[in-house]
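Remarks on the structure that follows.
The values are calculated or read from the model by the stated rules, or taken from the named source; none is laboratory data. Every value quoted in this text rests on a predicted model; they were computed, and no experiment measured them. Positions of Cβ are generated from backbone atoms using ideal geometry, with glycine treated the same way; all protein chains shown enter the neighbour counts.
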Amino acid sequence: MPKLEAIIGLEVHAQMSTKTKMFCGCNNDAFGKAPNTTVCPICMGHPGTLPVPNKEAITKAAKASLAIGGTINENNHFDRKHYFYPDLPAGFQISQYDFPLSSGGKVEYSIRDDSGQVISKGVCGITRLHMENDAGKLTHRGSSTLCDYNRAGTPLMEIVTEPDLRSAQEAVSFVKELRRILIAVNASDADMFKGMMRFDASISLREKGTEKLNPRSEIKNLNSFKALEKALKYEENRLRKEWDNNGGPIKNDITVGWQDDQEKTKMLRNKETANDYRYFPEPDIPPLHFTKEDIENLRKQLPSLPSERKKQYMDMKLDESMAMQIIDQPELQRIFDAVFKNTNDAKRASGLVLTQLVGFIKSNEKEISDAPSPEAMVELVEKIDEGTISANAGKKVLEKMVTTGKSASQIIGEEGMQQISDDGAIEKLVQKAIDANPQAIESFKNGKEAALGAIVGYIMKESKGQADPAKVNIMLRKKLS
């Protein structure tokens, strides 16, 4: 039998982070809302309505194009893509076909083992990035289907890759890096839980050493990294068995659906072609035109990309796993950056954010979205630095911030946790400790340095952890000298 290799290409659909939908003024955040409550005659496809393109969506898609190395086409336009399905109320989708927003580009990605170490690197070419509006959502219950059009009209970027990927692992590594880039340029929140990033994956087989592209299987309904990986592995194995049985590849392109509950694919239909969709230019929207100056202005607005941010964090002496932990979680990144800006101390910021904060979030079964805001974390740092509370008390305050959502000031006030820094009050505590611990005092005077720790511990216990430990140490040594 010939040695076979998998040829994989992806279509990535990412919802753009805009306030309103692609062609109307409806709220773009429909997640969790009652069905069919964020709709209007335009996104419901009523006759006589006219679409108005969302400038913010176009700008964000253009920035995403530049971030992945694409070339923005100075002249591009929208097209009508015709197909008839209950989730598409107008009977067509407004998309882009022969003149997309951008062409070309590439994304470099790294494949990591379970410990996070890089084991290999790759590059996936980008064919195009184009804009379109999303369809609604269908819920199948037995023989009935329920339609929710809240999502209809949502602005999407579709990013089509070259067939450059050779395994499910490469595909997942690529889309993870692509997701980081889209989040970094604020083009999409790419929240997988909310369905803001979905994939269609095409896979075919060919003999190693050949260049021919054989008929492919396109897998629909992939909405998580795990689903993408499992579906590609399953379909590759299935295609290999068919090759063994038939002595060659499948005869024509097909479309299959991934069934997550059964972890297998199901035949849907033969793959459609462009002719089946009857594309033609959208008559109600004028062509889009970008000048070279427009494109350069957008390029200047791009923030640091994930690969650049990773280098910046590692230059701060954070290890690679810490850098990736920050980059992969935008909320965590905002908090870390704010704390670092306030302290100018990467080690302290990583300890406070990556160790203490993340630890409290996990132990209390919270999500990163439940974390205190960057401003609240900075306030906590300032309370410690100005001596209002000790660093040890700061840990207790932080945990209460995670569990209650209250600010550091509120918790300190309600719990009476203000640090005792008054010299007179500390002197009284020190004298009390000296009187109560004669054996420890004698041991310290005889050269046992560790004995001082017992005396300090007594003071901290008496003050309920509120005495300034630095002042306690200074005053205690002064008294004993």
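Observations, loosely collected:
- Elements of type strands (runs of 3 or more DSSP E) in the range 41-113, at least 1 residues being of a type outside the set (A, V, I, L, M), within 21 Å of CYS147 (Cβ to Cβ) and assigned by TED's automatic domain parsing to the domain that holds THR127: 79-82, 92-95
- Among the residues of the range 1-34, those identified as part of a strand (DSSP E or B) and under 15 Å from TYR149 (Cα atoms) are THR20, ASN27.
- Enumerated helices (runs of 4 or more DSSP H) restricted to the range 239-337, each holding at least 2 residues that are within 22 Å of TYR109 (Cα to Cα) and not assigned by TED's automatic domain parsing to the domain that holds ALA201: 306-315, 320-327
- Checklist (1) buried (at least 16 other Cβ atoms within 10 Å of the Cβ); (2) out of contact with any strand residue (DSSP E or B) (no Cβ under 7 Å at 6 or more places or on another chain); (3) outside any loop (DSSP other than H, G, I, E, B); (4) outside the structural domain of PRO372 (by TED's automatic domain parsing) applied to ASP435, failing item: (1)
- Within the range 69-126, the set of residues being within 17 Å of GLU162 (Cα to Cα), among the polar types (S, T, N, Q) and surrounded by fewer than 19 Cβ atoms within 10 Å (Cβ to Cβ) comprises THR71, SER103.
- Test result for THR265, closer than 30 Å to LYS137 by Cα and surrounded by 12 or more Cβ atoms within 10 Å (Cβ to Cβ): yes
- Taking the numbered list (1) in a strand (DSSP E or B); (2) of a type in the set (A, V, I, L, M); (3) under 30 Å from PRO330 (Cα atoms) in turn, ILE203 passes all entries but (3).
- Filtered by the rule that a residue be within 14 Å of MET475 (Cβ to Cβ) and surrounded by 13 or more Cβ atoms within 10 Å (Cβ to Cβ), the range 407-427 gives ILE420, SER421, ALA425, ILE426, GLU427.
- Near pairs, Cβ below 6 angstrom, 6+ apart or cross-chain, from the range 318-344 (over 24 Å from VAL118 (Cβ atoms)) to any residue that is in a helix (DSSP H, G or I) and modelled with pLDDT under 95: GLU331/ILE368
- Filter result for ARG206 (in contact (Cβ under 8 Å) with a residue 40 or more places away in the chain, closer than 23 Å to THR273 by Cα, buried (at least 19 other Cβ atoms within 10 Å of the Cβ) and assigned by TED's automatic domain parsing to the domain that holds LYS137): no
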